[in-house]
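Inspection log for the structure reproduced underneath, given as C-alpha cells.
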Amino acid sequence: MNQPLPQLPKPEFVLIPVKVPPEVPTQVAVDLGMTGIPGGLIGYEYRPLSEPVYFADLGERVLVGIAVSGLFGRITIAVDVASGQVVETPTSEPAAIRHVNRDLDSFNRCVEAVIARFPFYAEGDEETDEVADELRV
C-alpha cells in the first residue's frame, strides 16, 4: 500500500560563488564567481558540484559543468564557454547537449521563481499549467 511522501521543508534560494579551473575563460570565471549558481533547488533533483568540471573535448563545444540533476545525478548542468548558455547533458553521453537557459542570470532567475512557488499546488488545484507557462517566459 502506498504511503504519502514526507513533506519537504520550504526550500530557500541561495546563490553560491564558484571557483573555476584556471583554463576557463575569464568572462565565464567572473560570471560564476561573482553571480554564482543556485545552492539547491527542491529536494535532491539539482545539486551543485563541489568543484566545476572543464569539458574541452566535446567537438566544437567547451563546457564548464557546475551541477548535476536527476535522482541519480545522471545529467550535468553546464555553462557553454562560447555562448554563455546554460545547458544539460547526460553524464554518460556528454555529446548530447540540450539548451536550458540563455545565460547564467536567466538560469538563476528561473530557479528562484520555481522555489518561490513551492509548494506548487494544493489538492485539486488546476493552475499548474498556468505556472509552467509563466516559467517558460
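Points worth noting:
- Pick from region 55-74, criterion surrounded by fewer than 21 Cβ atoms within 10 Å (Cβ to Cβ) and in contact with a Pro (Cβ under 8 Å, 6 or more places away or on another chain), ranking: nearest to Val30 (Cα to Cα): Gly65
- The test for being surrounded by fewer than 18 Cβ atoms within 10 Å (Cβ to Cβ) and touching a residue at least 12 places away in the same chain (Cβ under 8 Å) does not hold for Ala78.
- Residues in region 5-40 that are in contact with a helix residue (DSSP H, G or I) (Cβ under 8 Å, 6 or more places away or on another chain) and over 19 Å from Gln85 (Cα atoms): Pro11, Glu12, Phe13.
- Test: residue in region 90-98 that is surrounded by fewer than 16 Cβ atoms within 10 Å (Cβ to Cβ) and in contact (Cβ under 8 Å) with a residue 24 or more places away in the chain: yes
- Scanning region 16-41 for residues being under 11 Å from the mean Cα position of the chain (by Cα) and open to solvent by less than 40 Å² (accessible area, probe 1.4 Å) gives a total of 4.
Residues are listed down the side, and each one gets a yes or a no for (1) of a type in the set (Asp, Glu); (2) at positive phi; (3) at pLDDT below 90:
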position: Glu51; (1), (2), (3): yes, no, yes
position: Gly59; (1), (2), (3): no, yes, yes
position: Gly73; (1), (2), (3): no, yes, yes
position: Glu88; (1), (2), (3): yes, no, no
position: Val111; (1), (2), (3): no, no, no
position: Arg117; (1), (2), (3): no, no, yes
position: Val131; (1), (2), (3): no, no, yes
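The values are calculated or read from the model by the stated rules, or taken from the named source; none is laboratory data. Here the structure is a predicted model, which means the values were calculated and not measured. Cβ: placed from backbone, ideal geometry, glycine included. Neighbour counts: every protein chain shown. What goes into the accessible areas is simple: the full protein's heavy atoms, side chains included, and nothing from ligands, DNA or RNA. Shrake-Rupley method; radii C 1.70, N 1.55, O 1.52, S 1.80 Å.
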